[in-house]
Amino acid sequence: QITTVSGNEFLLQSDIDFLILDWFHAIKNAIDRLPKEQRITSRNLEYKLRKSSSIELLNNLDTESKDPKPEHRKSLIFRLNYSASDTNDRNRVKSRLKKFISRRPSLKTLQEKGLIKDQIFGSHLHLVCEHEKSTVPQFVRLCIEAVERRGLDVDGIYRVSGNLATIQKLRFVVNQEEKLNLDDSQWEDIHVVTGALKMFFRELPEPLFPYRFFELFVEAISNQDNTTRIKSIRNLVKKLPRPNYDTMKILFEHLQKIAAKESVNLMSTQSLGIVFGPTLLRPEKETGNMAVHMLYQNQIVELMLSEYSKIFGSEED
């Protein structure tokens, strides 16, 4: 919890200790960069960072608290009173932080005890697949199956956004529970399922089309000869890591079924390219060519949908 000079209060919460420490250091560095005059006028300001589910009190200054804290509430409180002459306080906090860090359990220990589970959203594709002993994430398969059961004929499927709060709730459930039933009434809106699937791909630390392949795909789609363009993209797809290739193949096969119902759902290969282009492939570092990149991203997805059988088919095809 941070209380500013103006009286505004901010509460930052997380169950991950090292993340809280990152926040703490970021806030401390911001305070240190303040002009000396501004620091002196706020010498009685108390900065607090509270971490739930911990009982260690790192530093207790003789300042009045506006609201007494209930005894049963366990918290980790960092209290820092910064002024031009509080070097001792800083050193005391630094010393106790070092002790805290040295005593905290490792991530592996927390995982072994079941306190921290492997996340699905926000994890690298190959790590999710390794954990599940597969080459396509189970969540991707479940979403595709749900959409093909009850969403192929839905107007604007994948283009229309679902309720963000419900999508976030589904994201939380996927990260916390091993079993997922997308036919449950709370996921009745198919746009929530499609929104969660797009979010999964959007939150991959490295997109489905790996960064090192981005410029190669752009170069391939830029070729003016259509036959050469298809052949180049096909060769690049074949070089992808197995999880990327298998996941891409099942996804594009699914999107092809969506496009086949264009007369009903109004989602053409071009529309799907616009929706999925920036989600599935992007450069590692954005440059001034963002508009050009977006055009290529859309065109690559559109071509791969239109020429699915040639790109993902066997050599004999």
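The values are calculated or read from the model by the stated rules, or taken from the named source; none is laboratory data. What you see is a predicted model, and the numbers here were worked out from it, not measured in a lab. Ideal geometry is used to build each Cβ from the backbone, glycine not excepted, and the neighbour counts take in all protein chains shown. Side chains are part of the model used for accessible areas, which takes the heavy atoms of the whole protein and leaves out ligands, DNA and RNA. Shrake-Rupley method; radii C 1.70, N 1.55, O 1.52, S 1.80 Å.
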Karplus 3J(HN,Hα) series, Hz, for segment 241-247 with 6.51 cos²θ - 1.76 cosθ + 1.60 (x for Gly, Pro): x, 3, x, 5, 5, 5, 5
In sequence order, calculated HN-Hα J values of segment 166-177 (Karplus, 6.51, -1.76, 1.60; Hz; x Gly/Pro): 5, 4, 5, 5, 5, 4, 4, 4, 4, 6, 9, 10
Apportionment of accessible area to carbon and sulfur, segment 129-220, percent (1.4 Å): 47
Segment 225-309: GluC sites (Glu not before Pro) in DSSP coil with no more than 16 other Cβ atoms inside 10 Å: GLU284, GLU286
Summed side-chain charge close to SER263 - residues other than SER263 whose Cβ falls under 15 Å, Lys, Arg +1, Asp, Glu -1: -1
Estimated Rh, segment 235-317: Kirkwood, alpha-carbon pairs, angstrom: 13.6
Proportion of all alpha-carbon pairs of segment 125-312 beyond 23 Å (%): 42
